[in-house]
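Presented below is the structure to which this report refers.
The values are calculated or read from the model by the stated rules, or taken from the named source; none is laboratory data. Please read all numbers here as calculations on a predicted model, not as lab measurements. Neighbour counts run over all protein chains shown; Cβ positions are idealised from the backbone, glycine included.
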Ligand code: FAD
């Protein structure tokens, strides 16, 4: 493990128990948990507050995750406005097949666009709980992570000065392309999986065309429909990895969506202006363990999960709950059990969700793989879901997320 030599322009570096790198769902939830227990911390974020409050990404939260936020006083606004979803729908062979997962399990999903969750979490952390946060920081560097006295340095965007913060723990919550991934020691195991497909991720200024999430399984490729708000809908279209979004003009997008999400007994989708259009290459990676010396990874920094099963933000919250609780126990009572068990407890859920994503990927992409055998087994899986109540329950449990309540 190699680290840069600390260098600061300030004569006396700041000292804090915890520095959190990254103000996404993981970093902000963690910061809020620490502040609620009066543990001081500093959040360092490379982007501006306006940017992170508007960055569109996820939208589906699992019920346990919302209950976890609620127990930590972080879900008041969310619960007032989030829609509850109780069913999803598969469309194949031009027919609709509903899976009423609430009826099967008693549990549901919440629809909460990630920008709204992030906005709530920043407000609560910075404005209500008085948490320290620096936006727009540059060149964050980590020092001494394998010692008892790590430090984090960064360039302040206002003054241009190098600042140094000494701390006891660094939380790497800086997503899949952050700085913490770059300092992992050689002992880190990184498991990667590439699905070999791309998804054109779209946000349309159009009301949802269904009251639930819709998965279109089609020989031309997968398509997805997910409500974000009464005015905005997320759509996905499977495409070759690395495809250029410019090759997907408005008319082509809507023609493909209408075709792949079509059903004989449904009117066409309501079309609208496309306000986001980007190609995501579908791949995963998992870093094991999630702790290196005094560096604790959380969220996408530790495990990137392609949005196939809409799990990434939920896993980020799960990590933040466990890390926040563990740090509070250790820093306020000297109790190390939570921190010692952190990596193992997170990875159990991570691998469970990775396995489900892999299973679901085959359902989504098998029909268009060009391989007649894969297409045949995909249809067999789908038919089983709607013919066998126990297969439906097993699917519903994984779709909703299983595991102990954090
Ligand atoms: P991030 O949200 O990536 O936050 C990391 C933060 O660190 C960012 O603010 C970044 O600016 C900052 N940062 C990065 N580098 C540095 C640095 N060097 N210094 C300081 N700050 C830095 N998940 C679901 O659960 N459900 C869904 O429906 C879903 N849909 C998705 C749809 C799309 C199109 C995409 C792209 C993702 C989706 N996800 C979904 C995944 C979800 O968005 C992520 O898993 C989630 O954002 C992870 O949160 P995080 O806090 O770990 O990381």
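Quick notes on this one:
- Inter-residue pairs, beta-carbon under 6 Å, first closer than 11 Å to residue 41 by Cα and in region 14-27, second away from the ligand (no atom under 16 Å from the Cβ), 6+ apart: 15/166; 16/40; 17/39; 17/40; 17/168; 17/331; 18/169
Residues checked against (1) touching a strand residue (DSSP E or B) at 6+ places or on another chain (Cβ under 7 Å); (2) crowded, with 24+ Cβ neighbours inside 10 Å:
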site: 327; (1), (2): yes, yes
site: 331; (1), (2): yes, no
site: 335; (1), (2): no, no
site: 348; (1), (2): no, no
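- Residue that is modelled with the lowest pLDDT [pool: residues in region 310-330 that are under 17 Å from residue 113 (Cα atoms) and near the ligand (Cβ under 8 Å from one of its atoms)]: 310
- Among strands (runs of 3 or more DSSP E) entirely within region 193-288, having at least 3 residues that are over 22 Å from residue 117 (Cα atoms) and in contact (Cβ under 8 Å) with a residue 12 or more places away in the chain singles out 213-216, 233-239, 273-288.
- Selected residue (only one of 171, 176, 151 is more than 12 Å from the ligand (Cβ to nearest atom) and either surrounded by 15 or more Cβ atoms within 10 Å (Cβ to Cβ) or on the phi < 0 side of the Ramachandran plot (or both)): 151
This table checks each residue for (1) closer than 26 Å to residue 103 by Cβ; (2) in contact (Cβ under 8 Å) with a residue 12 or more places away in the chain; (3) loosely packed, with under 14 Cβ neighbours inside 10 Å.
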position: 338; (1), (2), (3): no, yes, no
position: 352; (1), (2), (3): yes, yes, no
position: 355; (1), (2), (3): yes, no, yes
position: 362; (1), (2), (3): yes, yes, no
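- Filtering region 236-245 for residues that are within 30 Å of residue 80 (Cβ to Cβ) and away from the ligand (no atom under 15 Å from the Cβ) leaves an empty set.
- Region 197-237, residues that are over 23 Å from the mean Cα position of the chain (by Cα) and closer than 14 Å to residue 274 by Cα: 206, 207
- Test: residue in region 374-396 that is under 18 Å from the mean Cα position of the chain (by Cα) and at pLDDT 95 or above: no
- Output for region 238-262, where each listed residue is under 13 Å from residue 276 (Cα atoms) and surrounded by 16 or more Cβ atoms within 10 Å (Cβ to Cβ): 245, 248, 253
- For region 157-168, the criterion of being touching a helix residue (DSSP H, G or I) at 6+ places or on another chain (Cβ under 7 Å), buried (at least 16 other Cβ atoms within 10 Å of the Cβ) and in contact (Cβ under 8 Å) with a residue 12 or more places away in the chain is met by none of the residues.
- Single unsatisfied condition, residue 139 versus (1) surrounded by fewer than 12 Cβ atoms within 10 Å (Cβ to Cβ); (2) within 14 Å of the ligand (Cβ to nearest atom); (3) more than 27 Å from the chain's Cα centre (by Cα): (3)
- Failed item in (1) within 20 Å of residue 24 (Cβ to Cβ); (2) modelled with pLDDT of 95 or more; (3) under 26 Å from the mean Cα position of the chain (by Cα), with residue 182 passing the rest: (2)
- Listing of strands (runs of 3 or more DSSP E) fully contained in region 17-98 that carry 1 or more residues being within 15 Å of the ligand (Cβ to nearest atom) and touching a helix residue (DSSP H, G or I) at 6+ places or on another chain (Cβ under 6 Å): 41-44, 60-62
- Verdict on residue 181 being closer than 17 Å to residue 305 by Cβ, outside any strand (DSSP E or B), within 14 Å of the ligand (Cβ to nearest atom) and free of Cβ contacts under 8 Å to residues at least 24 places away in the same chain: no
- Residue in region 112-120 that is touching a strand residue (DSSP E or B) at 6+ places or on another chain (Cβ under 6 Å) and in contact (Cβ under 8 Å) with a residue 12 or more places away in the chain present: yes
- Within region 291-308, being within 12 Å of the ligand (Cβ to nearest atom) and not in a strand (DSSP E or B) holds for 298, 299, 300, 301, 302, 305, 306, 307, 308.
- Residues in region 121-140 that are touching a strand residue (DSSP E or B) at 6+ places or on another chain (Cβ under 9 Å) and assigned to a helix (DSSP H, G or I): 122, 125, 126.
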